[in-house]
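The values are calculated or read from the model by the stated rules, or taken from the named source; none is laboratory data. Quick caveat, the model's predicted, so the values are computed rather than measured. Here the Cβ positions follow ideal geometry from the backbone for every residue, glycine too, while neighbour counts run over all protein chains shown. Ligands, DNA and RNA are excluded from the accessible area calculation, which covers all protein heavy atoms including side chains. Shrake-Rupley method; radii C 1.70, N 1.55, O 1.52, S 1.80 Å.
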Amino acid sequence: MIRIFGIGLAAGLALLAPGCAHRAARGPDLVTQYSVIDALLAGDYDGRLPCSELRRHGDFGIGTFDKLDGEMTLLGGAVYAIRADGRVEKAPGAETTPFATVAFFHPDQYEGRPLSGLTYAAFQEDLSRQLPTPNHFYAVWAYGRFHRVTTRSVPRQAPPYVPLAEVTKNQSVFEFTDVEGNLVGFWSPPFAKGVNVPGWHFHFLTRERTGGGHVLDFELRDGAAWLDGKSAVTVLLPDAGDFLRTDLAPDRAEELRRVETDPLKAGASAGDR
Ligand SMILES: [Zn+2]
C-alpha cells in the first residue's frame, strides 16, 4: 500500500508542477472538448482535429481517433491509442480525432484520496460524494493496483458509417488481472447531455502503458485519486464534413447508455424493463 501510494504521489507531483503554471497563465480551470457525443453516437467518425493540435488544449484526457480507430488516453502530455487488437501506441501528431475531452490537469489537493477495495460502481459513488458540486466538470486521475480491470476498444470503421451502438456490438473486450495502472476520466454534469457523457467516463492505461481502453468494470485493490474541478468548458465544433449534416435533434440517451456500459450489464438492465 505504501509503495503504490508513493508511486502515485510522485507522479502526482510531476503532474502538479506544470499545471500550476497553466492555471496562472490560462485563467479559469478549463475543459476543452472537440465535437459533441451525440455526433459520435450518430456515426460522425471522420477525424478533423490533429492530435498535435489537441495537445495544445490539454495534457490529460480521453477520446477516440479518426474512423473510430481505438480508444484515446491522453496522459502526461502523450496521446496513447489503444487499438481494437489491444496494442497501445503513441498516436502520431498528424492522426486526427472526431471526439475528445481534454484539460490541463492540476489537482485541487496535493494529497490524493486513498482508495481500497472498491468496485467500479463503488469508486464512482465515492468520487461523486467528494464533488463540491455536481454542476461543474471534473478531471480525475487515479492510480492503483487492481484485482481486475475490464476494458473495451472499438474497431476501425469504413464509410458509410453505422451508429456507435452498432459498432460496439463488435467491440473488443480486454480483461486485465493483478494489474497496476491509471484511470483517466471526467465527470460531466447532467446538463451536458448530448454534448458529453453525463456522469463519470474513464479510460484505463496500464503502468507500462502497454494496455488499456474504455473502462467497463474493475475491482480496485488500493490506490489514490486526484480531483481537478473545472468551472469552464470550451466546445470546439467541426467546421466541415458530416457534422454539418448530422441530425442532432434526436435524444440519444438510451444509445449512450448501451455504448458506455458493460454489454452484459446493459443487457441485464434492458431485460428488466
Ligand atoms: Zn470512452
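Listed conditions (1) assigned to a loop (DSSP other than H, G, I, E, B); (2) surrounded by 14 or more Cβ atoms within 10 Å (Cβ to Cβ) are all met by Val149, apart from (1). All told, Ala42 meets the bar of being open to solvent by 10 Å² or more (accessible area, probe 1.4 Å), touching a Ser or Thr at 6+ places or on another chain (Cβ under 7 Å) and more than 16 Å from the ligand (Cβ to nearest atom). Between Phe174, Phe186, the distinction of being over 14 Å from the mean Cα position of the chain (by Cα) and within 15 Å of the ligand (Cβ to nearest atom) belongs to Phe174 only. For the condition under 30 Å from Arg148 (Cβ atoms) and in a helix (DSSP H, G or I), Glu208 does not qualify. Within the range 212-224, the only residue that satisfies the criterion of being within 16 Å of the ligand (Cβ to nearest atom) and surrounded by fewer than 21 Cβ atoms within 10 Å (Cβ to Cβ) is Asp217.
Number of residues in the range 222-249 that are touching a helix residue (DSSP H, G or I) at 6+ places or on another chain (Cβ under 8 Å) and part of a loop (DSSP other than H, G, I, E, B): the value is 5.
Would you confirm, using the coordinates I've provided, whether Val195 is surrounded by 15 or more Cβ atoms within 10 Å (Cβ to Cβ), within 26 Å of Pro160 (Cβ to Cβ) and within 14 Å of the ligand (Cβ to nearest atom)? When the stated conditions are applied, Val195 does not pass them. May I ask you to list the residues in the range 56-84 that are in contact with a Ser or Thr (Cβ under 7 Å, 6 or more places away or on another chain) and either of a type in the set (Gly, Ala, Ser) or not in a strand (DSSP E or B) (or both)? Listed by number, the residues that qualify are His57, Gly58, Gly61, Gly63, Phe65, Asp66, Gly70, Arg83, Ala84. Being open to solvent by 20 Å² or more (accessible area, probe 1.4 Å), more than 12 Å from Thr206 (Cα to Cα) and part of a loop (DSSP other than H, G, I, E, B), is that true of even one residue in the range 174-187? Taking every residue of the range 174-187 in turn, none turns out to be open to solvent by 20 Å² or more (accessible area, probe 1.4 Å), more than 12 Å from Thr206 (Cα to Cα) and part of a loop (DSSP other than H, G, I, E, B).
Name every residue in the range 38-55 that is of a type in the set (Ser, Thr, Tyr) and part of a loop (DSSP other than H, G, I, E, B), in order of residue number. The answer is Tyr45, and nothing else. For the range 225-243, taking the residues that are closer than 21 Å to Thr64 by Cα and touching a Leu at 6+ places or on another chain (Cβ under 8 Å), the one that is least open to solvent (accessible area, probe 1.4 Å) is identified as Pro238.
Condition check: under 18 Å from His201 (Cβ atoms), aromatic (Phe, Trp, Tyr) and part of a helix (DSSP H, G or I). Does Phe105 satisfy that? It is false that Phe105 is under 18 Å from His201 (Cβ atoms), aromatic (Phe, Trp, Tyr) and part of a helix (DSSP H, G or I).
Which members of the range 76-95 meet the condition of being in contact with an Asp or Glu (Cβ under 6 Å, 6 or more places away or on another chain) and either under 20 Å from Gly223 (Cβ atoms) or surrounded by 20 or more Cβ atoms within 10 Å (Cβ to Cβ) (or both)?
Here is the first cut: in the range 76-95, the residues in contact with an Asp or Glu (Cβ under 6 Å, 6 or more places away or on another chain) are 77, 81-82.
Listed by number, the residues that qualify are Ala81, Ile82.
Filtering the range 64-80 down to residues that are on the phi > 0 side of the Ramachandran plot and not hydrophobic (A, V, I, L, M, F, W, C), which residue is nearest to the ligand (Cβ to nearest atom)?
Going through the range 64-80, the residues on the phi > 0 side of the Ramachandran plot turn out to be 67-68, 70, 76-77.
Cutting the leftovers down to not hydrophobic (A, V, I, L, M, F, W, C) gives us 67, 70, 76-77.
On the way: Lys67: 16, Gly70: 11, Gly76: 19, Gly77: 20 Å.
Looking at residues that are on the phi > 0 side of the Ramachandran plot and not hydrophobic (A, V, I, L, M, F, W, C), I get Gly70.
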